[in-house]
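Comments concern the structure below.
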Amino acid sequence: MSLDFDHGEFRRLLHQAADTVADIYESPDQAHVFEPRHPDSMRRLFDEELPRRPGDASDLIERFRSEVIPTSTLAINPNFYGYVISAGNQMGVVSALLHAGANICNAKWDLSSGAAEIERTVIRWIAEFIGCSPNTGGVLTTGGTMANLTCLHVARKIKANPDAPPADQLDPSRMKFYASNEVHSSVESSLDMMGMSSNQLRCIGTHADFRIDCDALEDQILSDIEAGHLPLCIVGSAGSTNTGAVDDLDRLASLASEYGLWFHVDAAYGGPAAGTTIARGLFAGIEKADSITLDPHKWLYLPVETGCALVRNPRHLEQAFSLKPDYLRRQASPNEYEPLDWYARTFQFTRDAKAVRVWMTFLAHGADAIREEIDNNIQSMRYLGALLAGAPDFELLAPVALSTVCFRYVPQGYDPEGLDELNRVLLDAVEKDGRVFVPGTRVHGMVSFRACTINHRHTKEHVERLMAVVRELGERVSLAR
Ligand SMILES: Cc1ncc(COP(=O)(O)O)c(C=O)c1O
């Protein structure tokens, strides 16, 4: 029995799948972006026996339409303000179908020389987009977490020189990494994966605007040197997840250079804003970083699982991933040319040709249109910040640097504990209501809404709607108490 369909049937299924996707995008601005569901009912929906017999493929596509789409909280909806998730530009969607459909494996030159060259080109484009040298190296990853792991691994490999004679090697247990206490958790988990203990990441305090306190950082580096530790790497945040704060990258670059540390910037979220006139100034110094994490699946509007690790000196990336087993080396005419093998620049071997969707997105729209959408997102969220700051019943809890706004509802007559409890109840009410999706966080220890948009379908009207919904439910919740 074949796992292939009759060719006509395959074509029909592809069309049915394409229609299903097109229907989703017909009206992304759905009235309800979130539907609460109980885990038991979801479990009952999908808790199935391993099927032994064939099912009907067309029915399965229908099942996806009726059971998977409605139970997903889609970031394509401009009323989605959760986490940092892309709105999936349509060229990215189409190109994902093309390269996934052809099942291209972009691991080795002899498997995909076209995709290999495309990846080289888009790395250069991403670097140029944010004002870095076009000679920057890098590799596409599944996301920011993998990009941080990749860059921190490169940092350790290059700085610690593990291939040197034992006497010249650094003792890994004495290495120290530095970041603000607002840094994304993937930095800590990457160090954990690399065998570092939690006290090897020095979490430095921030100013009231959530940017790292560079003086405190320098003091910590000096006291670590004094104590015989090995300061190895500074991680700057360029668009922190919680508030969107961008550290003083120029000062961090100077400190890294002064004390001989690797300088990594986690710009997974904020990086693309360095390519806009409105926000470029915040990112001064990013071009001096030894490595940068930047997620095209965030603010370059690519579909999920498109991350990127940039490494200023491409040789460093190659040195850090130098394992080439016999079964992967080119045996035929080995000296004829140096193949561009992407597996030799990352942890992964089998990897999809995600570069194709970045390439097609840039080619279809042009960099200027993407810059304009980022600009719009920043402007509409700064507008929200201004509305909240001017409203007597709301409080803005952090400056709006990029497109993240942290705020709470503050009607009169509540003490600090009462406000925390009220906002907790209100977050729950907003979630259950489902017209907007805005998960919460804590800012300065206070329960806060955290609204982030990186959606090119988002406008200032959506912001007004968000505020109106929270206010309407806020009034209802506070009256009921
Ligand atoms: C600043 C920052 N770094 C890293 C990550 C992790 O990226 P990913 O979710 O793509 O693994 C995120 C995710 O939101 C982030 O905001």
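Mind listing whichever residues of segment 424-457 are among the small types (Gly, Ala, Ser) and without any contact (Cβ under 8 Å) to a residue 60 or more places away in the chain?
First, pick out the residues of segment 424-457 that are among the small types (Gly, Ala, Ser): 429, 434, 440, 445, 448, 451.
Selection gives ALA429, GLY440, GLY445, SER448.
Given (1) crowded, with 22+ Cβ neighbours inside 10 Å; (2) in contact with a helix residue (DSSP H, G or I) (Cβ under 7 Å, 6 or more places away or on another chain), identify the lone condition not met by SER112.
Among (1) crowded, with 22+ Cβ neighbours inside 10 Å; (2) in contact with a helix residue (DSSP H, G or I) (Cβ under 7 Å, 6 or more places away or on another chain), SER112 violates only (2).
So that you can scan it fast, the table gives a plain yes or no per residue for (1) of a type in the set (Asp, Glu); (2) within 16 Å of the ligand (Cβ to nearest atom); (3) open to solvent by less than 10 Å² (accessible area, probe 1.4 Å):
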{"residue": "ASN313", "(1), (2), (3)": "no, no, no"}
{"residue": "GLU318", "(1), (2), (3)": "yes, no, no"}
{"residue": "ASP326", "(1), (2), (3)": "yes, no, no"}
{"residue": "GLU338", "(1), (2), (3)": "yes, no, no"}
{"residue": "ARG351", "(1), (2), (3)": "no, yes, yes"}
{"residue": "HIS365", "(1), (2), (3)": "no, no, no"}
{"residue": "ALA369", "(1), (2), (3)": "no, no, no"}
{"residue": "ILE374", "(1), (2), (3)": "no, yes, yes"}
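Pick from segment 124-139 the residues that are within 16 Å of ARG357 (Cα to Cα) and more than 16 Å from the ligand (Cβ to nearest atom): which of them is most open to solvent (accessible area, probe 1.4 Å)?
Among those residues, the one meeting the criterion is ARG124.
Would you confirm whether or not segment 292-308 contains a residue that is within 19 Å of the chain's Cα centre (by Cα) and among the basic types (Lys, Arg)?
Yes - at least one qualifying residue is present in segment 292-308.
Would you be able to tell me the number of residues in segment 280-308 that are surrounded by fewer than 23 Cβ atoms within 10 Å (Cβ to Cβ), within 15 Å of the ligand (Cβ to nearest atom) and among the small types (Gly, Ala, Ser)?
0
Out of the residues in segment 227-244 that are aliphatic (A, V, I, L, M) and surrounded by 19 or more Cβ atoms within 10 Å (Cβ to Cβ), state the one that is farthest from the ligand (Cβ to nearest atom).
Per the stated criteria, the residue is LEU232.
Quick one: in segment 245-274, of everything that is of a type outside the set (Asp, Glu) and part of a loop (DSSP other than H, G, I, E, B), which residue is farthest from the ligand (Cβ to nearest atom)? Reasoning before the result, please.
Here is the first cut: in segment 245-274, the residues of a type outside the set (Asp, Glu) are 245-246, 249, 251-257, 259-265, 267-274.
Checking the rest, the ones that are also part of a loop (DSSP other than H, G, I, E, B) come to 245, 260-261, 267-270.
Numbers: ALA245: 10, GLY260: 25, LEU261: 20, ALA267: 8, ALA268: 3, TYR269: 4, GLY270: 7 Å.
Step by step, filter segment 245-274, then rank; the result is GLY260.
Please work out which one of (1) buried (at least 22 other Cβ atoms within 10 Å of the Cβ); (2) within 16 Å of the ligand (Cβ to nearest atom) is the condition THR142 fails and give its number.
The number of the failed condition is (1).
Need pairs with beta-carbon distance below 6 Å; first residue within 22 Å of VAL154 (Cα to Cα) and at pLDDT 85 or above and within segment 328-353, second open to solvent by 40 Å² or more (accessible area, probe 1.4 Å) and aromatic (Phe, Trp, Tyr); sequence gap 6+ or separate chains.
Qualifying pairs under 6 Å: PRO339/TRP109; LEU340/TRP109; ASP341/TRP109; TYR343/PHE349.
So is THR121 of a type in the set (S, T, N, Q), within 16 Å of the ligand (Cβ to nearest atom) and open to solvent by 10 Å² or more (accessible area, probe 1.4 Å) or not?
So THR121 fails the test.
Quick one: which residue in ASP209, ASP163, ASP224, ASP192 is farther than 27 Å from ARG315 by Cα and open to solvent by 10 Å² or more (accessible area, probe 1.4 Å)?
Selected residue: ASP209, the only one of ASP209, ASP163, ASP224, ASP192 that is farther than 27 Å from ARG315 by Cα and open to solvent by 10 Å² or more (accessible area, probe 1.4 Å).
Looking at LEU170, LEU217 in this structure, which one is at pLDDT below 95 and of a type in the set (A, V, I, L, M)? Give the steps one after another, and end with the answer.
On the way: LEU217 fails: at pLDDT below 95.
Selected residue: LEU170, the only one of LEU170, LEU217 that is at pLDDT below 95 and of a type in the set (A, V, I, L, M).
For segment 295-327, which positions are aliphatic (A, V, I, L, M) and within 15 Å of LEU152 (Cβ to Cβ)?
Across segment 295-327, the qualifying residues are ALA309, LEU310, VAL311, LEU317, ALA320.
Out of curiosity, is ALA75 under 26 Å from ASP29 (Cβ atoms), modelled with pLDDT of 95 or more and crowded, with 21+ Cβ neighbours inside 10 Å?
Spelling it out, ALA75 is indeed under 26 Å from ASP29 (Cβ atoms), modelled with pLDDT of 95 or more and crowded, with 21+ Cβ neighbours inside 10 Å.
Take segment 458-474 and flag every residue that is part of a helix (DSSP H, G or I) and in contact (Cβ under 8 Å) with a residue 24 or more places away in the chain. Don't jump to the end; show me each part of the working.
Restricting attention to segment 458-474, the residues satisfying the condition of being part of a helix (DSSP H, G or I) are 460-474.
LYS460, HIS462, VAL463, GLU464, ARG465, LEU466, MET467, VAL469, VAL470, ARG471, LEU473, GLY474, listed by residue number.
Which residue pairs have Cβ atoms closer than 6 Å, lie 6 or more positions apart in sequence or on different chains, and pair a first residue in segment 372-388 that is within 12 Å of ILE278 (Cα to Cα) with a second residue that is open to solvent by 10 Å² or more (accessible area, probe 1.4 Å) and of a type outside the set (Val, Ile, Thr)?
Note: pairs meeting the criteria are GLU373/HIS456.
The values are calculated or read from the model by the stated rules, or taken from the named source; none is laboratory data. Computed from a prediction, not measured in an experiment: that's the story for all the values here. Glycine also receives a Cβ, built like all others from the backbone with ideal geometry; neighbour counts cover every protein chain displayed. Just so you know, the surface numbers come from the protein's heavy atoms only, side chains and all, with ligands and any DNA or RNA stripped out. Shrake-Rupley method; radii C 1.70, N 1.55, O 1.52, S 1.80 Å.
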